[in-house]
Amino acid sequence: MNTRKIILLFCLLFVLVSSATAKTTISWWQFWTDPSIKPVIREMVDEFERQNPEIEVELTDLTWANGHEKIVIAFASGTGPDVVELGSDWIAEFAVNGHLADVSEDIAGDSSDYQGWGMADYNGRIYARPWFLGTRVLYANRELLERAGYDDLFMPVNWNDLRVAARKINGLGKGIYGWGSNAPEKHRLYKKYLPFFWSAGARIFTDDEMKLCVVASERAVAALDLYKELHDSCGYVANQRGIEDAFLDGKVGLIISGDWLLKRIENEQRKINFTTGLIPGLRFPGRSFLGGEFLAVNEASKQKEAALKFVRFITSPENQVKFCVANRSANPSSRTAQQDEYFKSNDNLQTFIRQIAMAKHPPVDPNWVFIETALEEAVEETVFGSALPAEALFKARKKIDGLEK
């Protein structure tokens, strides 16, 4: 065999070996950097790579302070990751610009096992897979309720129950408040008003193709009237953390909060006699705010098949349970995961799972960030200013109408 043939043979062998050992590399940008959670994220990635030795995952951590901006810049410059974690209210923003892969066909086989698809549905197509959902419930200080004359089974179910209980607690003495009322804290205040708004049957838009804004309806006004009444008559006013501090210190009887407060009570070993219940509605338990964390695939990714496989793995019921146990959280999107003994054995976690089924998400709209601002300004002008609820909501409607034209 001459030298040329030997060289060609070695080149061929090198190509074959390289092809056999080459790995597909996908990038994942995610937000979970807490020391108690990051090892679980790393563990899941390692397990995926073990099961799929042909795929390697590059993990990049984002922060809530500037993560959204980084994603925007990366997509705009064509350097976005293969897989990205998105807040539910970001999906439309990136889908409308063509940055997210349509995964409607990929999720068809197992979609019935997951909740939250509506938040990923833009113009009838699905652009992300739900990972974890987020909602709020009513927390009550059981000791303060009992001092106010209620038995140990009572929990406000409707608006009248809530009004009366908050006022009775507020009347217990100096330094005790019936209701935790949010200060004008951006991205939070509207999440406290919307549960009452939706529980009253109010809507942001009509459901027809005209998409008319109807945030100034009588039902919306009634909900804002109630929110202002609670604030004015018995409200302890602070940002979310301040409200939760006061609740844990036994100063506030009733507040709306998320499952992170359960985790805090456990981690800080707080000795507080509390319970959780569904958001009160007009006559029966009402709706709450629904959000969530989703995993989306970059439309420009050259490794879509591997990226989709990774997303399915991370959001599997088993991995959702593993994550929730580590994070002490209550809101898996998988119905199968929700049946795990970890959730079934804890009444407060069950409250959150029941509330998810009665929660509502904001419209999937690229202009949501501006709609949110208009709603928050209406609540601020009513609760902290001199505007009447109908006046403030009519002003919000005009702003939103301007965005949608």
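The values are calculated or read from the model by the stated rules, or taken from the named source; none is laboratory data. Just so we're clear, the structure is a prediction, and the values are computed from it rather than from any experiment. Backbone-built Cβ (ideal geometry, glycine too); neighbour counts: all protein chains shown.
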Within the stretch 9-34, tally of residues that are more than 15 Å from Pro53 (Cβ to Cβ), polar (S, T, N, Q) and at pLDDT below 90: 1
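Within the group Glu341, Glu377, which residue is at pLDDT 95 or above, acidic (Asp, Glu) and over 26 Å from Leu278 (Cβ atoms)?
Glu377
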Helices (runs of 4 or more DSSP H) enclosed by the stretch 328-405 - at least 1 residues per element that are in the same structural domain as Trp198 (by TED's automatic domain parsing): 368-383, 389-404
task: Could you name every one of the strands (runs of 3 or more DSSP E) located completely within the stretch 117-194 that has at least 2 residues being more than 30 Å from Ala307 (Cβ to Cβ) and either of a type outside the set (Gly, Ala, Ser) or modelled with pLDDT of 95 or more (or both)?
output: 137-141, 177-182
task: Quick one: in the stretch 154-166, of everything that is in contact (Cβ under 8 Å) with a residue 60 or more places away in the chain and surrounded by fewer than 17 Cβ atoms within 10 Å (Cβ to Cβ), which residue is nearest to Thr351 (Cα to Cα)?
output: Asn158
query: Restricting the search to the stretch 241-279, which residues are crowded, with 22+ Cβ neighbours inside 10 Å and assigned to a helix (DSSP H, G or I)?
result: Ile243, Phe247, Leu261, Leu262
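Yes/no per residue for (1) surrounded by 18 or more Cβ atoms within 10 Å (Cβ to Cβ); (2) at pLDDT 95 or above; (3) in contact with a strand residue (DSSP E or B) (Cβ under 9 Å, 6 or more places away or on another chain); (4) not hydrophobic (A, V, I, L, M, F, W, C):
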residue: Met44; (1), (2), (3), (4): yes, yes, no, no
residue: Glu47; (1), (2), (3), (4): no, yes, no, yes
residue: Ile55; (1), (2), (3), (4): yes, yes, yes, no
residue: Glu69; (1), (2), (3), (4): no, yes, no, yes
residue: Val84; (1), (2), (3), (4): yes, yes, yes, no
residue: Leu100; (1), (2), (3), (4): yes, yes, yes, no
residue: Ser104; (1), (2), (3), (4): no, yes, yes, yes
residue: Tyr114; (1), (2), (3), (4): yes, yes, yes, yes
- request: Residues being among the small types (Gly, Ala, Ser) and within 22 Å of Thr63 (Cα to Cα): count how many of those fall in the stretch 87-119.
  value: 4
message: Residues to consider are Asn348, Asn331, Asn327; find the one that is out of contact with any strand residue (DSSP E or B) (no Cβ under 7 Å at 6 or more places or on another chain) and touching a residue at least 24 places away in the same chain (Cβ under 8 Å).
response: Asn327
query: With respect to the numbered conditions (1) within 22 Å of Pro362 (Cβ to Cβ); (2) assigned to a helix (DSSP H, G or I); (3) free of Cβ contacts under 8 Å to residues at least 40 places away in the same chain, which one is the sole condition not fulfilled by Asp207?
result: (2)
- request: Could you give me the residue pairs with C-beta distances under 7 Å whose first residue belongs to the stretch 182-204 and is touching a residue at least 60 places away in the same chain (Cβ under 8 Å) and within 23 Å of Ile243 (Cα to Cα), whose second residue is buried (at least 23 other Cβ atoms within 10 Å of the Cβ) and among the polar types (S, T, N, Q) wherever it lies, and which are 6+ apart or on separate chains?
  value: Leu189/Asn182; Lys192/Asn182; Pro195/Ser288
task: Considering only residues that are touching a residue at least 24 places away in the same chain (Cβ under 8 Å) and farther than 29 Å from Pro285 by Cβ, look in the stretch 374-405 and name the one that is farthest from the chain's Cα centre (by Cα).
output: Phe394
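Taking the condition in contact with an Asp or Glu (Cβ under 8 Å, 6 or more places away or on another chain) and either farther than 27 Å from Lys398 by Cα or assigned by TED's automatic domain parsing to the domain that holds Phe384 (or both), does Leu224 pass? Full working, then the answer.
Working: in contact with an Asp or Glu (Cβ under 8 Å, 6 or more places away or on another chain): no; either farther than 27 Å from Lys398 by Cα or assigned by TED's automatic domain parsing to the domain that holds Phe384 (or both): yes.
It is false that Leu224 is in contact with an Asp or Glu (Cβ under 8 Å, 6 or more places away or on another chain) and either farther than 27 Å from Lys398 by Cα or assigned by TED's automatic domain parsing to the domain that holds Phe384 (or both).
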